[in-house]
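One structure is given below, encoded as structure tokens.
Every number here is computed from the coordinates shown, using simple stated rules; none is lab data. Predicted, not measured: the structure shown is a model, and the values here were computed from it.
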């Protein structure tokens, strides 16, 4: 299974970013091989539609699960249509979020968990 975790930093321990579309990095983890790849989110500073575009990118990368803090309506709709399960967490690191996922202790997002952000301002 391939997971995507929204990530704020690349240095260990990598911090989880609570924002889906505007997270600076996306960490892809193959749970079968434990191969991990951190990819810069080049869409994060876009003017509009960022969440949906990032969701499409995640789908193109073959992820079947997303772990994040919040997900807006447009991103959620794209992920849901692609059959990608979305989980939310308040974990502070990617490693902690992955451990919680493996233990079955993350909340499945069955609907958007936050508002969409229009206008492209990148807040931290």
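Taking only Cα atoms, what is the 0 to 90° angle, nearest 10, from helix 50-60's long axis to the longest principal axis of the chain?
40
How long is the gain from residue 48 to residue 107 if the chain were fully straight, where each residue apart is worth 0.36 nm and the alpha carbon distance is subtracted?
Fully extending the segment from residue 48 to residue 107 adds 18.5 nm.
Jot down the per residue volume, in cubic angstrom and as a whole number, of the convex hull over the alpha-carbon atoms of the chain. Don't skip to the end; give the middle numbers.
Details: hull volume 11.2 nm³, N = 124.
Value for the chain: 90 Å³ per residue.
Give the percent of DSSP beta bridges with both residues in region 2-108 that are antiparallel, rounded to the nearest 5.
70
Considering the chain as a Gaussian network with a 10 Å cut-off on Cα pairs, which listed residue, 26, 43, 79, attains the greatest mean-square fluctuation?
Fluctuation is largest for 43.
May I ask for the distance between the Cα centers of region 1-68 and region 69-109, given as a whole number of Å?
11
Relative to the present Cα-Cα distance, how much length would full extension add between residue 30 and residue 12 at 0.36 nm per residue of separation?
Answer, rounded to one decimal: 4.7 nm.
Note the full-extension length gain between residue 81 and residue 64 as 0.36 nm times their separation in residues minus their Cα-Cα distance, in nm to one decimal.
Full-extension gain reported as 5.0 nm.
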